[in-house]
Amino acid sequence: MSNNENNPGYHIDFSREKYDSRYDRLLNILYYSKEIPSDLYQHMNMSSTNFRKAISILKQRGYIKRISRDGAIGYILTNSGKLLTSHPHYIKYKSCLEDDNRQYDIKHRTRKRQFAYLYALLDRMGIPYESDEKPDISETIDQSNHQVYFYTALDFKRMLGVRSTVFKGSRVLGFFGGRGKIIPVYRTNHDMKTFSKQEGLLPYFLTQVYSIPVSGAILICNDEKSVIDITKQIIANYRNDDKKGINTAKYSEFYVFDSGDNFYSRFEDLYNDHSDLMHRLIEQGDIETTDRDDEGRYRLRIGTGFYHDAPVWFCPGNINAVTLRLFIHNAETNAKMNYIICQDRDLGILKETAERPSLRVGSIREQ
């Protein structure tokens with residue numbers, strides 16, 4: 001987290017050249033999210049002092065006001081702030097006011113604040129989310145376009161019309177669209193709530209609408225500690241019960257990311273092809289990839305294969321929490337030593353969440 005703009009907390013930050021001033025930066029996020037929390041600076045390369053100064057000036061100009069309900073302090077637009085959209089510099093935000101429903105209960109405020117945290121991250125990562133910076137939502141699956149854009153659940157609802165009732169009750173904030181994929185995006189700070197049955201409809205529905213497989217989703221949280229805590233809860237809910245514990249809905253791929261600098265490489269790995277590296281690792285490790293042993297007996301294969309009959313899972317990309325849960329359960333129920341080999345960036349998280357007497361975690365670099 002950043003305390004000083006001259007000593008930034010984040011090394012990857014594409015927002016440095018995006019805005020003319022701190023005020024424009026905060027207003028941009030506010031117009032799109034509808035509320036900015038008082039600790040938003042911790043997710044930006046902005047000091048608390050400069051954040052408070054910018055907030056103070058925006059309040060003095062009458063553009064924003066403080067809101068403090070249910071123990072959550074934040075800032076929302078005033079009527080004068082909304083009237084700014086008549087100025088040529090701010091007219092691009094006029095469409096943002098169309099869905100301003102002015103609901104200030106904690107449930108709706110929490111969702112707005114999650115959007116603010118998400119937009120601060122997308123700014124740092126250079127992922128467009130503004131209406132005037134992204135193509136029509138129907139064009140986002142173009143394989144030839146290398147850029148990925150963020151579309152809100154509301155963007156999809158507007159496009160789908162009466163079919164958008166499937167989103168009712170869903171906690172999805174939106175979707176990454178581009179490079180031939182649509183990836184649902186969720187966000188929490190530290191704790192994750194149980195997904196309801198309704199959430200499980202989304203991947204099936206989106207697959208039908210876009211005629212491309214929508215099998216994976218990402219959950220973004222504040223830090224690695226939150227990643228570890230949430231992943232442990234997912235692992236504990238082995239049966240993926242949607243009535244108790246933390247589940248992964250009906251996604252066959254579910255990734256838990258923190259919003260630090262490593263988000264950038266994890267995001268890229270959603271689209272990278274690691275098949276060549278995987279092939280080399282299998283060859284170098286002399287991994288047997290069949291489902292039967294030397295004597296022809298069937299054996300359960302959840303990971304990549306077997307090394308002398310010991311289950312091995314190579315993870316050259318992101319850690320799929322669904323596979324991780326199954327692999328750990330298998331390790332706990334058989335007598336063989338099991339191995340997970342991952343990238344250096346994920347080593348600490350996996351050692352905290354996966355290592356057991358019957359399971360060891362190692363780095364691909366060591367192979």
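Things worth noting here:
- Above-threshold pairs, the threshold being 27 Å between Cα atoms, out of 82/225; 65/193; 34/168: 82/225; 65/193
- Listed residues 135, 192, 101: farthest to the positive end of the dipole of region 87-221 (Cβ charges): 192
- Sparsely packed loop sites in region 258-367 (the GluC sites (Glu not before Pro) outside DSSP H, G, I, E and B with at most 16 other Cβ atoms within 10 Å) comprise 295, 355.
- The residues 92, 134, 107, sorted by heavy-atom accessible surface at 1.4 Å with ligands and nucleic acids left out, run 107, 92, 134 from largest to smallest.
- Think of it as helices only: each DSSP H run of n ≥ 4 in the chain is worth -39500 (n - 2.57), and spread over all residues that comes to -10000 deg cm²/dmol at 222 nm.
- Residue 280/residue 207 FRET efficiency (R0 25 Å; Cβ-Cβ; nearest 0.05): 0.20
- Mean separation of Cα pairs under 8 Å and 6 or more residues apart, divided by the residue count, gives the chain a relative contact order of 10 percent.
- GluC sites (Glu not before Pro) restricted to DSSP loop in region 1-108 with at most 11 other C-beta within 10 Å: 17
- Of 333, 304, 289, the residue with the largest accessible area leads and the full order is 333, 289, 304 (1.4 Å probe).
- Environment charge of residue 318, counting only residues whose C-beta is closer than 9 Å and scoring Lys/Arg +1, Asp/Glu -1: -2
- Area accessible to solvent at residue 211, 1.4 Å probe radius, in Å²: 100 Å²
- Accessible surface of residue 77, taken over heavy atoms with a 1.4 Å probe and every protein chain present, rounds to 20 Å².
- Solvent exposure of residue 279, expressed as accessible area, is near 110 Å², computed with a probe of 1.4 Å over the protein chains only.
- Residue 147/residue 196 FRET efficiency (R0 35 Å; Cβ-Cβ; nearest 0.05): 0.60
- Net dipole in debye of region 130-219 [+1 Lys, Arg Cβ; -1 Asp, Glu Cβ; about Cα centre; nearest 20]: 460 debye
- Under a model in which nothing but the beta-carbon of Lys, Arg (+1) and Asp, Glu (-1) is charged, the chain shows a dipole of about 1960 debye around its Cα centre.
- At R0 = 51 Å, FRET efficiency that the Cβ-Cβ distance of residue 105 and residue 299 yields, to 0.05: 0.45
- Restriction of the trypsin sites (Lys or Arg not before Pro) in region 200-301 to DSSP coil positions whose beta-carbon has at most 13 other beta-carbons within 10 angstrom yields 239, 243, 244, 297.
The values are calculated or read from the model by the stated rules, or taken from the named source; none is laboratory data. A quick note: this is a predicted structure, and the numbers were derived from the prediction, not measured. Cβ sites come from the backbone with ideal geometry, for glycine too, and all protein chains shown count toward neighbours. Just the protein is used for accessible areas: all its heavy atoms, side chains included, with ligands, DNA and RNA removed. Shrake-Rupley method; radii C 1.70, N 1.55, O 1.52, S 1.80 Å.
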